[in-house]
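A.B. asks: Shown below is the structure under consideration.
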Amino acid sequence: MLEFKPHVLRDYALLADGERGIVVGPQGDFCWMCAPRWDSEAIFSSLVGGAGVYAVTPAGGRFVWGGHYEEGSLIWRSRWVTDDEQILECREALALPAAAERAVILRRVQAVRGSARVRAVLDARAGFGSHPMSSITCEDEVWVARTGPLRVRWSGAPQARRDGDALVIELDLSPGEQHDFTLEVTDRTLPDEPVDPDRAWMSTEHAWRRAVPDLTASIAPRDSRQAYAVLHGLTGPSGGMVGAATTSMPERVDKGRNYDYRYTWIRDLSYAAQAAAVNGADDFLDGAVGFITERLLADGPDLKPAYTVSGGRVPQQYELELPGYPGSDVKIGNQVTEQFQLDAFGESLLVLAWAGRLDRLDTQHWHAVEVAVDAVRARRDDAGAGIWETSNEHWTHSRLICAAGLRAIATVAQPNQASEWTGLADRIVADADADCLHGSGRWQRSPTDDRVDASLLLPALRGAVPAHDPRSRTTLAAVRDDLTSDYYLYRFRHGHMPLDEAEGAFLLCGFQMAMALHQQGETAEALRWFERNRSACGAPGLFTEEFDVVQRQLRGNLPQAFVHAMLLESARRLGEPWPTDPAATST
């Protein structure tokens, strides 16, 4: 069989249906998929050195790869041009509407120019590659098999042959001819009848058209629609959104900085919900409000920074005995489950305030608001891991985001509550001013850390303090002077080493810088920042957490949801004057 070696991250595309995702490589290889859900064990894991792959690729000879998404969707078209100028395409998607218990994978291959010979390989291996396919049979021209706890059914390959534990087929397509492969994966009993590909494609196309809004008010409508499609694909029916589809994609080689992001961070979901709300995508906002409300009512002041997409606890972190993506080991679970992050309450209030402005909060939601406010009041002096999940500290960003959330929710509260919550916000800002204001007049990271931090752009953007406040302007100037390179922004300085030697630029922060400059009236400069950072992606238009400015490479898990969220928000914000009402920046 073909060997599917790892590629740089900019070469990979994503299919997703809200319940799970698939990473697609340039050889038409599905190299990563967890089934049946986001945080399940992988059935295809060659991306991290495990066994298991599902590939549709040109057979024989050399070829070059390309591809694109159908606009406003996660329907991907792989495209290959061969030595003899033949063009082969494979249209692929996870079918919609999705079911939690069963993934339906659609692949339609077509000879676009000339005839083409196609090779398809199915080597499903559950348990991160530990369970090869067994009980393989072909019934009525459809293959069925078991792999660990999963059942698979493969239609469209009746002439496939056994190659060890895998199935392989080669077929010839006449010019213009197309052929469907359909794979079903479930941990339940398979339905009696295989999926009809024509009907499945039709329902999937319709679902994407219905899900992704127009977004013509954005300064980058196509990219905004793509960013929204990514966020929609990463979001389950519970309203929870995974931070990324993958685990253990390294931020830096040999630094131990690789994590499992297949879970819902309250903060990341809040960023996405606010971006959706700015763009009028109320359905996405409603889902996030529902997820956050349930978690606040269940856990109150013990709110976790992250949960599974269904709202469960994130498992403890452990390492798998796999080679990993080059430069990293493989981690499952996340240590975030042991952390306290104060800003999660502030971010929750910002989202709930948006919904309040749109008259979308019911009694249960207001109960969650009161729980969040009480938690801020009770825990505002507690040390936490902060936005970057480092050591426990009284982080300035965490405190000021809580103040922003209080100010935002006060605009939709009853007068007595509004006065009380605004007063609490004032006290939080005053406390931060007393011990986290640098001698130069800017915000510093914490009472014991006088460095500047890119996250300190957010308090002014979210309304904790006014944009015209000297502290906001001085902080913006300090971030620009100390943490930027070629219109990219880094989080903070790691000692005395050059910025690019410590880590990649944080694309989340780059889009925040664009908004901060626009807020200050520097719109032309804001547009330069926006354009620079939106170019830091691969051909499929997917963003990771970091961008290696020197090597121009993507770093970290793919795709990173909060980067797409900030692109979506900034693309709309930059298209109109910044609101003069401080509350309007967050609600």
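The values are calculated or read from the model by the stated rules, or taken from the named source; none is laboratory data. None of these values were measured; they are calculated from a predicted model. Using ideal geometry, Cβ is built from the backbone for each residue, glycine included, and neighbour counts are taken over all protein chains shown. Heads up: the accessible areas ignore ligands, DNA and RNA and are worked out on the full protein's heavy atoms, side chains in. Shrake-Rupley method; radii C 1.70, N 1.55, O 1.52, S 1.80 Å.
A.B. asks: MET33: accessible area at probe 1.4 Å, nearest 10 Å²?
C.D. replies: 0
A.B. asks: For the stretch 1-100, give the percent of accessible area contributed by carbon and sulfur heavy atoms, probe 1.4 Å, rounded to a whole number.
C.D. replies: Working: 1490 of 3120 Å².
C and S atoms contribute 48 percent here.
A.B. asks: Right, next: Per residue, how much accessible surface does the stretch 196-309 expose to a 1.4 Å probe? Answer in Å², no decimals.
C.D. replies: Numbers: 3700 Å² over 114 residues.
Result: 32 Å² of accessible area for each residue.
A.B. asks: Right, another one. Over the C-alpha atoms of the stretch 1-146, what are the Rg and the largest Cα-to-Cα span, Dmax, in Å?
C.D. replies: Final numbers for Rg and Dmax: 15.2, 43 Å.
A.B. asks: Give the Rg (one decimal place) followed by the Dmax (whole number) of the stretch 470-517, computed from C-alpha coordinates and expressed in Å.
C.D. replies: Radius of gyration, then largest Cα-Cα span, for the stretch 470-517: 10.7, 32 Å.
A.B. asks: Can you sort TYR488, TYR259, TYR325, TYR318 by solvent-accessible area, 1.4 Å probe, largest first? Present the calculation step by step, with values, prior to reporting the outcome.
C.D. replies: On the way: TYR488 5, TYR259 55, TYR325 30, TYR318 105 Å².
Highest to lowest solvent-accessible surface, that is TYR318, TYR259, TYR325, TYR488.
A.B. asks: Now for a separate question. Need one word for the stretch 106-248: rounded, prolate or oblate. Basis is the Cα gyration tensor (sqrt eigenvalues a ≥ b ≥ c); a/c below 1.5 gives rounded, then a/b vs b/c decides.
C.D. replies: On the way: a/c = 2.11, a/b = 1.39, b/c = 1.52.
Oblate shape, in that a/c is at least 1.5 and b/c is the bigger or equal ratio.
A.B. asks: A further question follows. What accessible area per residue, rounded to a whole number of Å², is obtained for the stretch 321-461 using a probe radius of 1.4 Å?
C.D. replies: On the way: 5140 Å² over 141 residues.
Per residue, the stretch 321-461 has 36 Å² of solvent-accessible surface.
A.B. asks: Now for a separate question. Rg and Dmax of the chain over Cα atoms: what are they, in angstrom?
C.D. replies: Looking at the chain, its Cα Rg and Dmax stand at 24.2, 77 Å.
A.B. asks: Loop only by DSSP, 13 or fewer other Cβ within 10 Å of the Cβ. Give me the GluC sites (Glu not before Pro) in the stretch 162-226 that pass, ordered by residue number. Working shown, then result.
C.D. replies: Values: sites: GLU170, GLU177, GLU184, GLU205; in loops: GLU177.
Passing both the DSSP loop test and the Cβ count: GLU177.
A.B. asks: A follow-up question, please. With a 1.4 Å probe and every protein chain left in place, tell me how much accessible area ASP482 has, in Å² to the nearest 10.
C.D. replies: Accessible area of ASP482: about 60 Å².
A.B. asks: Just reorder ILE219, ILE136, ILE43 by solvent-accessible area, largest first, 1.4 Å probe, all chains present. Write down the numbers at each step before the final one.
C.D. replies: Numbers: ILE219 60, ILE136 25, ILE43 0 Å².
In descending accessible area the options line up as ILE219, ILE136, ILE43.
A.B. asks: With a length cut of 20 Å (Cα positions projected on each helix's long axis) and a Kyte-Doolittle mean of at least -0.5, go through the chain and give me the DSSP H helices that pass.
C.D. replies: Details: long enough: 197-211 (21 Å, -1.42); 282-299 (25 Å, 0.32); 343-357 (21 Å, 0.65); 363-379 (24 Å, -0.21); 396-410 (21 Å, 0.81); 415-436 (31 Å, -0.43).
Counting only whole DSSP H runs, the qualifying helices are 282-299, 343-357, 363-379, 396-410, 415-436.
A.B. asks: Considering only protein heavy atoms, what per residue accessible area in square angstrom results for the stretch 6-95 with a 1.4 angstrom probe? It would help to have the intermediate numbers written out before the result.
C.D. replies: Details: 2420 Å² over 90 residues.
Counting only protein heavy atoms, the per-residue value for the stretch 6-95 is 27 Å².
A.B. asks: Any chance you could check the Cα centroid distance between the stretch 380-397 and the stretch 163-187 for me, in angstrom?
C.D. replies: Centre-to-centre distance over Cα atoms comes out at 51 Å.
A.B. asks: Over the stretch 272-324, how many percent of alpha carbon pairs lie in each 10 Å bin up to the one with the longest distance?
C.D. replies: 20, 36, 27, 15, 2
A.B. asks: Continuing with the same structure: In the stretch 495-587, what percent of the accessible surface is made up of carbon and sulfur (1.4 Å probe, ligands and nucleic acids excluded)?
C.D. replies: Values: 1440 of 2890 Å².
Here carbon and sulfur together make up 50 percent of the probe-accessible area.
A.B. asks: Expressed as a whole percentage, what fraction of the accessible surface of the stretch 153-211 belongs to carbon and sulfur atoms when a 1.4 Å probe is rolled over the protein heavy atoms?
C.D. replies: Working: 1400 of 3160 Å².
C and S atoms contribute 44 percent here.
A.B. asks: Dividing the alpha-carbon radius of gyration of the stretch 89-164 by 2.2 N^0.38 Å (N being the number of residues), what value is obtained? Show your work: numbers first, answer last.
C.D. replies: Numbers: Rg = 14.2 Å, N = 76, 2.2 N^0.38 = 11.4 Å.
Normalised Rg, Cα atoms only: 1.24.
A.B. asks: Quick one: Cα centre-to-centre distance for the stretch 44-78 and the stretch 399-470, in angstrom?
C.D. replies: After rounding, the separation between the Cα centres reads 46 Å.
A.B. asks: Name the long-range amide H neighbours of HIS131: under 5 Å, sequence gap of 5 or more, or other chain; modelled H, no Pro or chain starts.
C.D. replies: So HIS131 has HN proximity to ALA126.
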